[in-house]
Amino acid sequence: MTSSPWLARFGAVCGVLLGLSLGVPGIIEAFTGETALTSFVVGLGAVFGTPALTAFYLHHSAAAGRFGAVAYAVNLIGLGLFGGVSFTLNLVFFFLDGPVVADLMSGPTRIAVLGSMAVFVTGTVLFGVSMMRARVFPLPASLVYIVSLVLLTVLSSLPDTLLTSAMHVIACGVLVWMSALVWSGTATAGPAARQGVPVASASGR
């Protein structure tokens with residue numbers, strides 16, 4: 001899996017925190033609508049995305065090949081761009097009047113936002129396909145990763161609905177699930193690595 005169990009475990013913890021920063025606000029907003037507090041949590045939660053994505057990549061990198069490396073790179077760049085979009089939408093635009101936001105989005109800001117979202121969606125799909133090809137993560141996890149994050153990206157610029165809240169909760173679930181697999185994989189990797197046994201074989205994948 002990875003020669004750095006600490007990095008993988010750190011990323012797994014960040015993956016759980018990222019998931020909770022989406023899921024908990026999603027549950028609350030299903031009853032209250034978007035609030036300043038939930039927007040604050042979602043906007044700052046994106047900071048956990050990079051270490052989480054890195055841990056997910058390291059977990060299947062040995063089986064991912066060149067395609068997986070490219071997919072990780074595109075998703076990483078897209079995540080950096082979309083992290084800025086999420087911060088802006090939740091911690092800036094949320095507190096501005098509608099006409100001000102509309103005026104901002106009629107200029108170059110719109111191109112930057114939509115472009116960032118497009119790169120993130122592309123990277124998410126490629127990375128999800130990489131995980132499906134590698135067959136290290138369960139297939140349902142890889143599929144839900146793609147669908148939930150793509151839908152969340154598309155819905156992020158629209159008014160919140162119950163579908164938005166549902167996607168927050170589903171994304172939370174798959175991120176926590178994948179993070180748990182990474183964490184348990186580091187526990188399996190330790191003895192196997194010391195004995196010179198490939199982790200994929202030792203874990204039965």
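The values are calculated or read from the model by the stated rules, or taken from the named source; none is laboratory data. If you're wondering where the values come from, they're calculated on a predicted model, not measured in any experiment. Here the Cβ positions follow ideal geometry from the backbone for every residue, glycine too, while neighbour counts run over all protein chains shown.
Things to note:
- On inspection, residue 49 passes the criterion of being assigned to a helix (DSSP H, G or I) and under 12 Å from the mean Cα position of the chain (by Cα).
- Test: residue 153 is of a type in the set (Ser, Thr, Tyr) and surrounded by fewer than 18 Cβ atoms within 10 Å (Cβ to Cβ): no
- Remark: residue 134 matches the filter, which requires a residue to be under 25 Å from residue 185 (Cβ atoms) and modelled with pLDDT of 90 or more.
- Of all residues in the range 41-57, those satisfying the criterion of being among the aliphatic types (A, V, I, L, M), at pLDDT below 95 and either within 29 Å of residue 133 (Cα to Cα) or crowded, with 20+ Cβ neighbours inside 10 Å (or both) are 42, 46, 47.
- Test for residue 87: is it more than 19 Å from residue 154 (Cβ to Cβ) and either of a type outside the set (Ser, Thr, Tyr) or surrounded by 21 or more Cβ atoms within 10 Å (Cβ to Cβ) (or both): no
- All positions within the range 122-137 that are in contact (Cβ under 8 Å) with a residue 40 or more places away in the chain and either surrounded by fewer than 19 Cβ atoms within 10 Å (Cβ to Cβ) or among the polar types (S, T, N, Q) (or both): 122, 124, 129, 130, 133, 135
- Among residues of the range 156-174 being within 15 Å of the chain's Cα centre (by Cα) and aliphatic (A, V, I, L, M), the one that is surrounded by the fewest Cβ atoms within 10 Å (Cβ to Cβ) is 169.
- Selected residue [among the hydroxyl-bearing types (Ser, Thr, Tyr), in a helix (DSSP H, G or I), more than 19 Å from residue 46 (Cβ to Cβ) and within 18 Å of the chain's Cα centre (by Cα)] from 148, 130, 116: 130
- Boolean, residue 38 is of a type in the set (S, T, N, Q), in contact with an Asp or Glu (Cβ under 8 Å, 6 or more places away or on another chain) and surrounded by 18 or more Cβ atoms within 10 Å (Cβ to Cβ): yes
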